[in-house]
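Worksheet: one structure, shown below.
FYI, it's all coordinate maths here, none of it is from the lab. No experiment lies behind these values; they were computed from the predicted model shown. Reconstructed Cβ throughout: ideal geometry from the backbone, glycine too, with neighbour counts over all protein chains shown.
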Amino acid sequence: MIITVASGKGGTGKTTIATNLAWTISHMQEAEKKSPTWLIDCDVEEPNAALFIHPTFEKEKKVERQLPIINQDQCTGCGVCVDVCEYNALAVAGGKTLFFKELCHACGSCVLNCPEGAIHEISETIGLLQRGSSDLLKFAHGILEIGWSSPTPIIRDLKKWIIPKQPQVNSTYILDASPGTTCPVVESFRGADFALLVTEPTPFGLHDLALVAELIFKEFKIPPGIVINKSGRGDEIIEKFASEKKIPILMRVPLSRDIAEAYARGTLLVDAFPKYKGQFIDLHKKISEMIRERQPKR
Amino acid sequence: MHIAITLADNKGLESSISSVFARCPFYILIDPKTKIFTIEENPAQNASGGAGVKAAQWMIDKEATAVITGNLGPKAHDVLSSANMPAFKSQGGNIEETLKAYNEKELESFFEPNVDAHSGIQK
Amino acid sequence: MKQILVISGKGGTGKTTVSGALADLASREKRIVLADADVDAANLELLLEPEKQETFSFRAGKTAVINQDLCIQCGRCEEVCRFEAVEHNEDGSYIINESMCEGCLSCVHQCPVDAIDVLERNSGEWYRSLTPYGTLFHAFLYPGEENSGKLVTQIKIDAKKYADKNHADLLLIDGPPGIGCPVTAACQGVDAAIIVSEPTVSGRHDLGRVKQVTDYFHIPSFLILNKCDLNQAIRDQLINFSKAADTPLLGEIPYDERIIYAQAKGKPVTQSLDSTISHYFYEIWNKIKKRL
C-alpha cells in the first residue's frame, strides 16, 4: 500500500509521523515473511527524513532533463523557436539565438519546431536521487539542484525509481510530501492508496488542513485520515472540521516540550518514548482497514 | 528612428515614466527629434516568467534604436547587449525632459545589470 | 523605503509568528506595507484580521485541450508530450490530463490537423486588504495549481507600487518555505532577508540551503533563532554559523507554549503576550530599526 503523508502547513509534524510510522511498520514485520517497507522523502527542496533515519545510501541516480543547444552556424535567426517557447527562454538578438536555461521547462518544443534543425538537446542534471536503508527500513529521497525551479520532475522520477508498476503484495510505501498544496504535493499523492493528513490544533493547522482536504476530495478518490500533532488545547477546532468532512482522527501526539527536544536532536519519537510504538502500530492497522474498505469517506 | 521608453501609464506625451523594464504596462516608441510617437501595451507584463527576455525581444523586433528605463535585469541586459541596442538609465522627470537629456547625451548607459544592487541594509 | 523578506527554509520554525510580531511592532512607529508571499499556504492573514478591498484574478500559464471532433487519433501529441499529460484511452481516443499539462503547447504545434485548443488557466486570486497594521497584499492559489512564483512576483509588484505611492517606510514580506521558485521570486529586489531558524537537526540542515539561495542573489541575511533553548549543542552550532557565514544574529526566542496559544488567538503574539516573553520580539525589532 502507498500512504502519502501531507499537511499543507509546514512544521506540523509530517516528517515526524511519516518517519515514525515507517520505522514502526518495518520492525513489525520482523517476525513475518519479509515484504519491504519504504520511506520515500518527497520534500526534495528540504529533504529532512534522513536526519532521523540515518540511512546508509547504496545507490544514486541523477535526474536529468533534455535542454536545447543551438547550433549558431545552422541558425538563420528566423525566430520560430522564440515564438513557440511559452517560457520566454529564447531570444534572437544581433544575429544570435540566446538561450536562458533557468527559464527552460525542457518541453522540447523549440527542437521540434526549428525549420533548420539547428537545435539539438543535451542532458542537464536538475536533481539527485538516493536510495539505501537503515536497519529494516528502506529509504529513498530526492534532492533538488539549487537554481532549477521545479521540484515536480524530481518527485516523479523518485517515485518511478522506487515504486514498481505492480508493487509487491504487502509491501508498504510511505511518502513524506512537501508542505503546501500545489503541484509537487499533487505529484506525491498520485497513485497513493491513502492520504494521511497531519495537522496541529491551531487556526493555521486548520486552515491548511482544509486546503489539503479539498485537494484530496477534488483530485483523488482515496480515503483520508487525520493525525493531530502537538495535540491538547485547541483540538476542538480540528474535531469540528473532521466531523463536518467525515474524516476520522486516527491518532494524537500531545504538545510536549520533551517531544520537541527529542525532535530537535534528531531522535525518533518511538525511540525516545517507546510507548508510542503501540500507537503507530494501531495507526497502521486503521489505515490498512480503511484502504481495504476502499471508500473515500465524505 | 525611434527610441523605446518604459511608461507607467498612457497619457500621451504626459505619461509618467516607469522604472520597471519588463512589467510596466506601456511602452512609448518616439522619434527623439520629431517627437512623433506611438504608445503600445507591453506584451510581456503578464508573462509567467522571462518577462525581461520577452520585453527585450519585442523592442528589438520593433527596431528601436535605443531603450530608456529605470532598471534592467540581467537577462534583458544580455538580450539588448547582444543586439547592440543602447540602453540608458532614466533620471526621473517627464518624457520631454528625458528626451532632452537623451539628445544631449546626459543619460548614463547601462554597463551592468543594476537590479542586483540592492540599496542595502547595514550589517 | 526598505524591503525586508522573512524566510526559513524549513517550514514551521516560526516565520509567520515573527512576521506577525514585526508587523505589529513596526506599524506602531513606521508606515508599513505587508505582503504574504507564502501563496501556497497563506497564513499571515490569520493574524492580521484583513478586510478585503480589492480582489484580482490570477491567470498563469495555459493548458491544452484536444478537440475530439477534429482529432484523428494519430497519437503525435502523446509522442511529443514530455510531461505524461496525454492519456490514451481504451476506445482509442486521446485526452489531456489538465493537472499534468504544463502548458508548453508543444502538442498544439505538432498536431497535424490543428485539433488542440489552448486555454488560459485560472489559477487563483490575490487581494489588497486593510489591516490594523498596514495594507496587506496576499493571495490564494487554488490547490493543485502551479506557477506560484509568478503569483509571488505579482503580489510583490503590487505591494511595492503601493508602498512607493504611499511613502511607506517599510515593506515587510512573509516569505514562502523551501528554496524553490517561489522563494527566488520572493528574494528579487529585497534589501535584506531575515532567516528564522530553530536549533533542531532539520533547522540546521535547512538553514544552510536557504542561505545558499540568499547568497546566490547577493542579499544581506540575518538570523533569528526561535525555540532557542530546545537544544544547546545545535544552538551553539547555529550561532557559530551566523558568525562564520556573515549572517548576524538579530535575536533569540525561547520555546514557550504561551507563544503557541497567543498565536491561536488570531492576532500577532505581541498583542497578547506579557512582557516576560514579548520583550524578545521587541529586542529584535529594535535591532532591525537601528539598521534601517
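Only sites in a loop by DSSP and with at most 14 other Cβ atoms within 10 Å count here; which GluC sites (Glu not before Pro) in the range B:1-95 make the cut? The partial results should precede the final answer.
Numbers: sites: B:E14, B:E40, B:E41, B:E63; in loops: B:E14, B:E63.
The qualifying sites are B:E14, B:E63.
Please report the spacing between the Cα centers of the range C:136-186 and the range B:9-75 in Å, no decimals.
Distance between centres, Cα-based: 23 Å.
Taking H placed 1.01 Å from N in the peptide plane, check which residues at least 5 places from A:E145 or on another chain put their amide H under 5 Å from its amide H.
HN-HN under 5 Å from A:E145: A:G127, A:L128.
Using a Cα-Cα cut-off of under 22 Å, which lysines could be cross-linked to A:K277, ignoring same-chain neighbours fewer than 8 residues away?
A:K14, A:K33, A:K34, A:K138, A:K230, A:K285, A:K286
Calculate one ³J(HN,Hα) per residue across the range A:246-258 by plugging θ = phi - 60° into the Karplus curve 6.51 cos²θ - 1.76 cosθ + 1.60, and present them in order as whole Hz with x for glycine and proline.
The phi angles translate into 6, 10, x, 8, 9, 6, 9, 10, x, 5, 7, 4, 4 Hz.
Considering Cα pairs under 8 angstrom that are at least six residues apart, work out the relative contact order of the range C:217-260 and quote it in whole percent.
For the range C:217-260, the relative contact order is 54 percent.
Identify which of C:N226, C:N89, C:N97 has the largest mean-square fluctuation in a Gaussian network model of chain C, with springs joining Cα atoms closer than 10 Å.
Greatest mean-square fluctuation among the candidates belongs to C:N89.
What residues of the range C:123-163 lie in the reach of a label at A:R190, counting those whose backbone N is under 20 Å from a point 7 Å from the Cα along Cα→Cβ?
Inside the label zone: C:123, C:142-149.
Please report how far the C-alpha centroid of the range C:48-65 lies from that of the range A:258-298, rounded to the nearest whole angstrom.
Here the two parts' Cα centres lie 37 Å apart.
Based on other C-beta atoms within 10 Å, arrange C:H167, B:H77, C:H218, C:H138 from fewest to most.
Arranged by neighbour count, lowest to highest, C:H167, B:H77, C:H218, C:H138 become C:H167, C:H218, B:H77, C:H138.
What distance in nm lies between label points placed 7 Å from Cα along the C-beta direction at A:Q72 and B:S109?
2.0 nm
Please work out whether the range C:153-292 counts as rounded, prolate or oblate from its C-alpha gyration tensor, where a ≥ b ≥ c are the square roots of the eigenvalues and a/c under 1.5 means rounded, while otherwise a/b larger than b/c means prolate and anything else oblate?
Numbers: a/c = 1.74, a/b = 1.17, b/c = 1.49.
Cα axes put the range C:153-292 in the oblate bin.
What are the trypsin sites (Lys or Arg not before Pro) within the range A:5-99 that DSSP puts in a loop, where the Cβ has at most 15 other Cβ atoms within 10 Å? Display every interim value, and only then the final one.
Working: sites: A:K9, A:K14, A:K33, A:K34, A:K59, A:K61, A:K62, A:R65, A:K96; in loops: A:K9, A:K33, A:K34.
Hits after loop and neighbour filter: A:K33, A:K34.
Would the protein assembly as shown count as rounded, prolate or oblate if I go by the C-alpha gyration tensor, calling it rounded below 1.5 in a/c and otherwise prolate when a/b exceeds b/c, oblate otherwise?
Oblate shape, in that a/c is at least 1.5 and b/c is the bigger or equal ratio.
What does the structure give for C:41-47 when I average, per residue, the other chain Cβ atoms found within 10 Å of the residue Cβ?
Per residue, the average neighbour count from other chains is 5.
Is the range A:72-117 rounded, prolate or oblate when judged by the Cα gyration tensor, a ≥ b ≥ c being the square roots of its eigenvalues, rounded requiring a/c under 1.5 and prolate requiring a/b larger than b/c?
Oblate shape, in that a/c is at least 1.5 and b/c is the bigger or equal ratio.
Averaged across the residues of C:226-233, what count of C-beta atoms belonging to other chains lies within 10 Å of each residue's C-beta? Intermediate results must be reported in sequence, preceding the final value.
Details: counts 0, 4, 0, 3, 7, 7, 1, 2.
Partner Cβ neighbours, averaged per residue: 3.
List the lysines whose Cα sits under 17 Å from the Cα of A:K245, skipping any in the same chain fewer than 8 residues away.
Once the sequence-local lysines are set aside, what remains near A:K245 is A:K218, A:K221, A:K297.
Could the peptides C:75-81, C:33-39 be put in order, highest first, of the mean number of other beta-carbon atoms found within 10 Å of their residues?
Most protected by this proxy first, the peptides run C:33-39, C:75-81.
For peptide A:80-89, how many partner chain Cβ atoms fall within 10 Å of a residue's Cβ, on average?
Working: counts 1, 0, 4, 2, 5, 5, 13, 10, 14, 4.
Mean shielding count: 6.
In the Gaussian network model of chain C, springs joining C-alpha atoms below 10 Å, which of C:G149, C:G12, C:G92 carries the largest mean-square fluctuation?
Of C:G149, C:G12, C:G92, the most mobile in the Gaussian network model is C:G92.
List the relative contact order of chain A as a percent without decimals, with contacts defined as Cα pairs under 8 Å and 6+ residues apart.
Contact order relative to length: 26 percent.
Could you pull out every residue, at least 5 positions away or on a different chain, whose amide H is within less than 5 Å of the one on C:I116? Hs are placed 1.01 Å off N in the peptide plane, and Pro or chain starts have none.
C:N67
Which residue, C:F140, C:F241, C:F56, tops the fluctuation ranking in a GNM of chain C built on C-alpha contacts under 10 Å?
Maximum fluctuation in the GNM of chain C, among the listed residues, is at C:F56.
In the range B:3-109, what is the count of Lys pairs whose alpha carbons are under 16 Å apart, counting only pairs at least 8 residues apart or on separate chains? Could you put the intermediate results ahead of the total?
Working: B:K11/B:K35; B:K33/B:K100; B:K33/B:K105; B:K35/B:K100; B:K54/B:K62; B:K54/B:K75; B:K89/B:K100; B:K89/B:K105.
Summing the qualifying lysine pairs gives 8.
If you take every residue apart from C:Q68 with its C-beta less than 12 Å away from the C-beta of C:Q68, what net charge results, scoring Lys and Arg +1 and Asp and Glu -1?
-3
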